[in-house]
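Working notes for the structure below.
The values are calculated or read from the model by the stated rules, or taken from the named source; none is laboratory data. Just so it is clear, the structure is predicted and the values come from calculations on it, not from any experiment. Note: ideal-geometry Cβ built from the backbone for every residue, glycine included; neighbour counts use all protein chains shown.
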Amino acid sequence: MTFFKQAPPALGNQYDDDRVLRSYLSRVLPVGVLNEIQESLRELGRLAGGELYELQLADRLNEPALTQWDAWGNRIDKIELTPLWRVAERLAAEHGIVATAYERKHGRLSRVHQCALAYLFTPSTDIYSCPLAMTDGAAWTLLTSGNQELIDRAVPHLITRDPKEFWTAGQWMTELTGGSDVGLSETIAKQEGNSFRLYGRKWFTSAISSQIALTLARPEGNPAGGRGLALFYLETRDEHGRPRNLQINRLKDKLGTRKVPTAELTLDGTPARLVKGTTDGVRNIALLLNITRLWNGISAVALMRRGLALSMDYAHKRVAFGAPLSEKPLHLDTLATLQAETEAAFHLAFYVAELTGQSEAGELSEEDARLLRLLTPVMKLTTGKQAVLVASEVLETFGGAGYVEDTGLPLLLRDSQVLPIWEGTTNVLALDTLRALQSGENDLKLGLARLSLAVSRCLESVHNPRLADAVRVARSALDHAATWLTEAERLGQPALEAGARRFSLTLGRTMELALLIQHAQWSQDHEHDPSSITSARRFATSGVDLIADAALL
Ligand code: MFK
């Protein structure tokens with residue numbers, strides 16, 4: 001007797017199979033640069049769709065473990081990572097997933113190269129992107145701090161390709177009093193000569209396996225609030241591997257990101273050094289936040305792409321009602337909508353990577369620096385929401401199999417759900433968007449005009465008639481955003497704040513649409529490929545303008 005069996009979804013080379021990534025890189029990279037980096041991307045694409053993916057599935061039930069005491073009563077707080085994470089740590093160093101951005105072999109484009117590597121690496125390594133993001137942010141924060149002693153001490157470890165020398169960094173910000181409102185932090189820094197000792201409780205510290213951390217504490221006598229905090233550097237363990245006056249109280253029991261050892265800590269005289277000044281900790285750690293927010297966006301599009309790759313493969317295998325799903329009009333319509341959402345998010349995340357690279361290479365105009373400040377929270381909040389939506393729909397495309405743990409699919413949804421939460425929730429970032437719009441000039445409308453200019457730059461040379469409607473949607477959403485802003489400013493701060501999420505998401509989706517249209521025109525002209533035009537047209541009908549007029553609420 002034969003029983004019906006279901007073929008599981010499979011992955012090919014995740015670089016070769018990714019039309020969107022390859023087409024994008026062909027547009028933004030000179031041919032010589034693309035030829036130089038292509039093999040590094042192809043190799044990672046092979047691993048991500050092959051051995052690493054297999055290891056990820058095999059590692060599904062493993063979780064990091066905390067051992068607080070040894071057999072003889074010594075406090076050791078040892079963290080055992082899962083096999084997947086141990087491999088990921090080595091591969092991350094060897095493939096230069098942080099290092100590429102700092103080696104700067106291709107100047108400002110090195111950041112795009114690094115983000116492409118991170119994008120390929122992330123979906124098969126169960127959020128190892130978390131410590132890598134923080135490591136990258138710490139390297140940048142230290143390098144720009146002017147603190148030569150700390151730069152010499154730590155940065156070579158953070159950006160090395162040698163796994164034996166490689167360190168990762170934590171970013172300890174969250175306390176019981178202040179998840180989003182970091183200025184409420186209660187950790188105290190007591191000065192001892194040139195260095196400090198930290199006393200307090202950190203409530204949610206991701207990747208406690210890291211060798212160093214950047215954290216915030218209030219030097220004794222400093223005022224309350226974010227300005228009274230200072231940014232500190234610390235090394236988590238001594239030369240014998242023992243925690244330096246800190247205790248790991250427990251690991252968090254989280255919905256997702258379960259491979260990340262996220263801990264509650266007590267700092268009990270932890271030695272630490274000032275990174276930059278004795279005040280303005282929030283402002284100083286914001287440099288790190290902007291890098292981790294970029295990683296958040298890259299991780300969002302990477303997980304969206306992974307879900308779609310699995311779902312599209314499965315659509316060819318699953319036969320129901322007499323034909324493969326890939327021949328069913330409604331299933332194809334659903335996948336096309338998810339593809340459009342993913343493609344739009346991809347272009348915004350990578351555009352922020354381009355601007356970040358220009359900034360790091362000292363090639364960003366003052367105007368575009370303000371645009372980057374604005375687009376970073378806009379991109380993070382927009383792509384975070386899209387990742388959850390796409391992951392949820394991807395699970396549904398598998399029917400009941402998408403809801404069953406040993407397919408490995410539910411992980412996609414659980415891990416995506418963190419993306420709109422950590423590194424600033426959607427609402428906190430929507431308020432940050434208002435702050436960023438005013439950046440420098442204290443005039444929200446000037447900030448919006450800057451974003452409008454960026455949208456116009458994308459649309460100015462679009463001539464394909466099939467894109468005309470999508471262009472109109474982008475322009476009309478921006479007009480609506482401008483009208484809403486005028487009206488909300490007239491009504492006052494509560495109206496501005498209440499509408500900030502709808503407004504910011506509209507800016508994000510409009511920018512995504514404009515970038516997608518720009519790329520679609522290029523791809524049609526240079527690759528004779530109409531696929532991105534199809535995605536742009538579809539995205540334009542998927543709710544770009546989310547603003548509700550105050551009068552209707
Ligand atoms: C998968 C990839 C990602 C993986 C990483 C995972 C690691 C997960 C670990 C975590 O989740 S760590 C916790 C993350 N926490 C946050 O992201 C905090 C969210 N809250 C905010 O972002 C609030 O907006 C903020 C704490 C910044 C508000 O605090 P304040 O004290 O009200 O600050 P304020 O007055 O708004 O800003 C202080 C200064 O910083 C100002 O400059 P000035 O002093 O010159 O006036 C701001 O302009 C500046 N600033 C704030 N945000 C900035 C910034 N500057 C540049 N960029 C920014 N983003």
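Among the residues of this structure, A336 counts as one that is within 28 Å of G50 (Cβ to Cβ), surrounded by fewer than 24 Cβ atoms within 10 Å (Cβ to Cβ) and of a type outside the set (D, E, K, R). Filtered by the rule that a residue be near the ligand (Cβ under 9 Å from one of its atoms) and among the hydroxyl-bearing types (S, T, Y), segment 260-294 gives T262, T292.
Is there a residue being without any contact (Cβ under 8 Å) to a residue 24 or more places away in the chain and either of a type in the set (F, W, Y) or within 16 Å of the ligand (Cβ to nearest atom) (or both) anywhere in segment 453-464? There is no residue in segment 453-464 that is without any contact (Cβ under 8 Å) to a residue 24 or more places away in the chain and either of a type in the set (F, W, Y) or within 16 Å of the ligand (Cβ to nearest atom) (or both).
Given the criterion of a type outside the set (A, V, I, L, M, F, W, C) and surrounded by fewer than 20 Cβ atoms within 10 Å (Cβ to Cβ), identify the matching residue among E360, E396.
Working: E360 fails: surrounded by fewer than 20 Cβ atoms within 10 Å (Cβ to Cβ).
Going through E360, E396 in turn, just one is of a type outside the set (A, V, I, L, M, F, W, C) and surrounded by fewer than 20 Cβ atoms within 10 Å (Cβ to Cβ): E396.
If the condition is being under 20 Å from K276 (Cβ atoms) and either within 13 Å of the ligand (Cβ to nearest atom) or outside any strand (DSSP E or B) (or both), then segment 231-246 contributes only L231. Per the conditions (1) surrounded by 14 or more Cβ atoms within 10 Å (Cβ to Cβ); (2) in a helix (DSSP H, G or I), the sole criterion not satisfied by L453 is (1).
Which is touching a His at 6+ places or on another chain (Cβ under 8 Å) and more than 13 Å from the ligand (Cβ to nearest atom), of A309, A320, A315?
A315
Looking at (1) of a type in the set (V, I, T); (2) surrounded by 20 or more Cβ atoms within 10 Å (Cβ to Cβ); (3) touching a strand residue (DSSP E or B) at 6+ places or on another chain (Cβ under 8 Å), which one does V98 not meet, given that it meets all the others? (3) is the only condition that V98 fails. Entry remark, segment 154-184: residues being assigned to a loop (DSSP other than H, G, I, E, B), surrounded by 17 or more Cβ atoms within 10 Å (Cβ to Cβ) and modelled with pLDDT of 95 or more number 5 in total. Out of everything in segment 187-220 that is at pLDDT 95 or above and part of a loop (DSSP other than H, G, I, E, B), what residue ends up being farthest from I79 (Cα to Cα)? Step by step, filter segment 187-220, then rank; the result is E220.
Residues of segment 17-44 that are loosely packed, with under 14 Cβ neighbours inside 10 Å and outside any helix (DSSP H, G or I): P30 alone. Does any residue of segment 336-349 turn out to be within 15 Å of the ligand (Cβ to nearest atom) and either within 21 Å of T100 (Cβ to Cβ) or among the acidic types (D, E) (or both)? Yes, the conditions are met somewhere in segment 336-349.
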